[in-house]
Amino acid sequence: MKKTLRADEIISILEAPLDLSWRRRKDWDIDVASDPARHFYPRKARLEREASVRELLRALEIAPTPRSRYVILEVLGRRQAKSAVPTIIRYLGNRSPSVRNEAADALMQIGDVRDPEAGRVLLKRIDGKERREGIRSTLALALAAIGYRPAIPALIRSLHSDNEVVRRCAASALSDLGATEAVGALREVIEQEDDPDTRIQLVRYLEQLLGVPAS
């Protein structure tokens, strides 16, 4: 299908009112995925079918709400739009937590971004600027997806996070990066891990990293 939607049309589609009478909701950022499929997800599907990357990027620049920015970033990630990477990087520091998380997720989906700035900004976010644990988890996975090995020390530090999801994602990222220098730290956190499910996953990532059973 020819992609003919213009940027202003994309915004009109995304900003059209939603029927949210089924749910009380004050802040869109509280639950970014809560819109019923019958009302909202067909709009995303239309963008995937009918919007070019160039017009999506133009729409992103003029998007008036976090919801529209989030959805455009999601579509760019699903399209694995490498030409969009420099723009996506800018949204890693957006005021909206949902937009920041989706920017990191888009880079993760694109994967081989071939842009060293992406790794540097992701690392800066995970190594101090980003305080939300859910986003830190996505940042860890994105760093692994783009193969940014300078992030290994920061990922090792993330193994000691108070949040079990961050610990799991950091271990997954280190395994994907083949970070054998993290073996000692992984063994240490496995010994200290109180959550049984997290311990099982940490052991699995250690085994993947070693290429042999960790025991």
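Rule-based calculations on the coordinates, nothing more; no lab input. What you are looking at is a predicted structure, and each value in this text was computed from that prediction instead of being measured. As a convention, Cβ positions derive from the backbone with ideal geometry for all residues, glycine included, and neighbour counts pool all protein chains shown.
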| said: Please report the spacing between the Cα centers of the stretch 140-188 and the stretch 66-125 in Å, no decimals. | reply: 20 Å
| field | Total formal charge among the other residues, if their Cβ is under 9 angstrom from that of LEU141, Lys/Arg +1 and Asp/Glu -1 | value | -2
| How big is Rg to Rh over the stretch 48-126, alpha-carbon atoms, Rh as the Kirkwood inverse-mean-distance radius? | 0.93
| query | In a shell of Cβ-Cβ distance under 14 Å around ARG187, excluding ARG187 itself, what net charge do Lys and Arg (+1) and Asp and Glu (-1) give? | reply | -2
| message | So for the stretch 93-148, considering every pair of alpha-carbon atoms, how many percent are separated by more than 12 Å? | response | 58 percent
| Which Cα, out of ALA185, PRO150, LEU209, lies furthest along the positive dipole direction of the stretch 125-215 (beta carbon charges, K/R +1, D/E -1)? | PRO150
| So how many Lys-Lys pairs in the chain land under 23 Å Cα to Cα, not counting same-chain pairs under 8 apart? | 7
| task | Please return the longest stretch of the chain lacking exposed loop sites, where trypsin sites (Lys or Arg not before Pro) count only if DSSP places them in a loop and at most 15 other Cβ atoms lie within 10 Å. | result | 133-215
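Is any helix in the chain, taking whole DSSP H runs, at least 15 angstrom long along its axis by alpha carbon and on average at least 0.5 on the Kyte-Doolittle scale, and which ones?
Once both thresholds are applied, what remains is 133-145.
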| field | Computed magnitude of the charge dipole of the chain (debye, nearest 20; Cβ of K, R +1, Cβ of D, E -1) | value | 900 debye
| task | Under 14 Å from the Cβ of ILE10, count the other residues' Cβ atoms, weight Lys and Arg +1, Asp and Glu -1, and hand me the total. | result | +3
| task | Tell me which residues come under 5 Å, amide H to amide H, from LEU18 once H is placed; ignore anything under 5 positions away on its chain. | result | none
| query | Based on the alpha carbon coordinates of the chain, what radius of gyration and maximum Cα-Cα distance (Dmax) apply, in Å? | reply | 18.9, 58
